[in-house]
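Step one of this worksheet: look at the structure below.
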Amino acid sequence: MERRILLAEDSKATSEQLKTLLEAAGQYKIDTVTDGEAAFKALTEHPYSILLTDLQMPRLDGMKLIERIQEHKLPVTVIVLTGYGSIDQAVQAMRAGAYDFMPKPVDPEHLRLVIERILRERTLQDEVLQLRERLQEQYAFRGVLSVNPKMHAVFELIRSVAQTTTTVLIEGETGTGKEQVARAIHDASSTHRSGPFVAINCAALPETLLESELFGHEKGSFTGAVGQRKGRFEQADTGTLFLDEVGDIPMPMQAKLLRVLQERRFERVGGTTSIEVDVRVIAATNRSLTSLVKKGKFREDLYYRLNVIKIDLPPLRERPEDIPLLVTHFANKHARPGEKPPTFAPEAMDKLLKHSWPGNIRELENAIERACVTARGAVIQPDDLPLEVLHTPSDNGGVPIDLSKPLPALLREVTLDLERRYLIRAMKKSRGNVGRCAKICGLSRRSISAKLAEYNIKKEAFKEE
């Protein structure tokens, strides 16, 4: 992406000299302003990699400009240009958030080297900024974001089924975005199906309540039925009914659901009038329905009725190329009100890319939301991420298997790695309280203190802020 540098300098001669110097390299787009207010306005309107600013400027001086940049978490790296006798101010500017300072007149070679170093460090942040601009272009489909070929095949399948009322089954691990895909199918069908999207979590309700929720009930049909109530099937008429965790529906209810899917009609609980509906059913599960069928825990005929079109959602660990895109999206979503979304330091993004994400997209969103809340600057650092992300075990299971090492030595490494991860989790649960951690671990307080020192685990890092 194009590198943009903003030069804030009230001296016209100095400004033209620096602009000529930077443009001679042929790698940057240089914009110039003459005061701090104009600089801040430009930074809020366009993405800049670097700001070169004088300290002494009209309207808003350089120091106040840096403070405002930090306050609004603008993702720009600041270099201070200072005249003779202003070194103390330049040091204060660095404490306030500036990256470096240079005395005037500027040494061209030194300036070029510093800019190249900054741009190398900013490569990942700038890629994230570019992704942010492209989120709503080729990587977004009806609210679902991905650059992964498998997910783009899912997008094509959604387009194919959009003009039909075909039943769809979505299988995928918890947190992979099954409901989001179901909503995408519903939205893609909106041109010819005007009804609402109605969702129900089948695992959250006992059988008696599930029947009433799905089919509704008549007044007096059971204790507490003080009036007639429409069920989810009626509510979703001419629209979409999303049955989440369909694999957890009890067997007796499976038979009733099968009848509705076959006949498109039902009776409310306690009623005798047959009600006909036009509903597209989308079912989702984090369990393999074929395995449940083999175990006799799910009706085979219902499985085939649901499995007309099947969508398999890959877990996040199988689509790591989507992580930067999703990180950018969630940073936009959870940015503090009135502030620009934060960017991520290369070290932080590296941690995010290496984590296995057992909770998939939901876990990733939680991690980014936490980082946006706790981060103190415009750039999220590794320390802003949850501990389970920072301490990702390698090879998805701890110490990698190295056949060049004797088994006893490898077993010791595995034991030490497991002990360290166990202590980190126990300290997190006890919020840094060594006594509570000792009770969780079944060890003495002295033993826990010794092990924390051995593994260099700081108890302060686990205390609530």
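What follows draws every value from the coordinates through simple rules; no lab data is involved. Values in this document were obtained by computation on a predicted structure and should not be read as measured data. Neighbour counts are summed over all protein chains in view; Cβ atoms, including those assigned to glycine, are modelled from backbone coordinates with ideal geometry.
Remarks
- Shape of the range 152-310, Cα gyration tensor, a/c cut at 1.5: oblate
- Amide H to amide H distances under 5 Å link residue 298 with 293, where only residues 5 or more positions off or on other chains count and H is placed in the peptide plane.
- Spacing of the two label points (7 Å from each Cα toward its C-beta) at residue 308 and residue 225, in nm: 2.9
- Counted by Cβ distance under 12 Å from residue 453, the other residues give a net charge of +3, where Lys and Arg count +1 and Asp and Glu count -1.
- Cα-centre dipole for the chain with unit charges at Cβ (Lys and Arg positive, Asp and Glu negative), debye to 20: 1640
- Here's how it looks for residue 29: its modeled amide H is under 5 Å from those of 3, 4, 5, which are all 5 or more places away or on a different chain.
- Mean separation of Cα contacts under 8 Å (6+ apart) over length of the chain, as relative contact order %: 13
- Spin-label proximity, residue 116 to the range 23-44 - amide N less than 14 Å from point 7 Å beyond Cα toward beta carbon: 25-28
- Hydrodynamic radius (Kirkwood) for the chain, which is based on Cα pairs only, to one decimal in Å: 26.8
- For the chain, with +1 on Lys and Arg beta carbons and -1 on Asp and Glu, the positive-most of 382, 326, 307 along the dipole: 307
- J(HN,Hα) series, the range 319-336, from Karplus relation 6.51 cos²θ - 1.76 cosθ + 1.60, nearest Hz, glycine and proline x: 9, x, 5, 7, 4, x, 5, 5, 4, 4, 4, 6, 5, 4, 5, 10, 4, 5
- Between amide H atoms placed 1.01 Å from N, distances below 5 Å from residue 102 occur with 80, 81, 82, all of them 5 or more places distant or on a separate chain.
- Relative to one another, the C-alpha centroids of the range 49-94 and the range 211-268 are positioned 64 Å apart.
- Helices in the chain, meaning DSSP H runs of at least 4 residues, each add -39500 (n - 2.57). Divided by all residues, the mean residue ellipticity at 222 nm is -14000 deg cm²/dmol.
- Helix axis angle, 407-429 relative to the chain longest principal axis, alpha carbon, degrees: 90
- Charge sum, other residues only, whose C-beta stays under 13 Å from residue 230's C-beta, Lys/Arg counted +1 and Asp/Glu -1: -1
- Restricting attention to the chain, close to 10% of DSSP beta bridges with both partner residues there are antiparallel.
- Taking other residues whose beta carbon is less than 12 angstrom from the beta carbon of residue 221, and scoring Lys, Arg as +1 and Asp, Glu as -1, yields 0.
- DSSP beta bridges in the range 149-312 [antiparallel fraction, %, rounded to 5]: 15
- Taken one residue at a time, the phi angles of the range 257-271 give Karplus couplings (6.51, -1.76, 1.60, θ = phi - 60°) of 5, 4, 4, 5, 5, 6, 9, 6, 8, 6, 10, 5, 4, x, x Hz. Gly and Pro are set to x.
- The range 293-312 and the range 336-371 have Cα centres spaced 36 Å apart.
- Nearest-0.05 FRET efficiency for residue 287 and residue 159, computed from C-beta distance (R0 30 Å): 0.65
- R0 of 35 Å, Cβ-Cβ distance residue 391-residue 59: FRET efficiency to nearest 0.05: 0.15
- Rounded to 10°, Cα long-axis angle of helix 108-134 versus longest principal axis of the chain: 20
- What the Kirkwood sum gives for the range 3-134 is a hydrodynamic radius of 14.7 Å, with every pair of different alpha carbons counted.
- Residue-span extension gain [residue 46 to residue 27] - 0.36 nm each, minus C-alpha spacing: 5.1 nm
- Converting phi to 3J(HN,Hα) with the Karplus coefficients 6.51, -1.76 and 1.60 and the offset θ = phi - 60°, the range 45-54 yields 9, 9, x, 10, 7, 9, 10, 9, 10, 7 Hz in sequence order, with x at every glycine or proline.
- Mean projected area (nm²) of the alpha-carbon convex hull when the range 319-392 is viewed from all directions: 4.3
- Helix axis angle, 87-96 relative to the chain longest principal axis, alpha carbon, degrees: 0
- Lysine pair count for the range 403-465 [Cα-Cα under 26 Å; pairs on different chains or 8 or more apart]: 17
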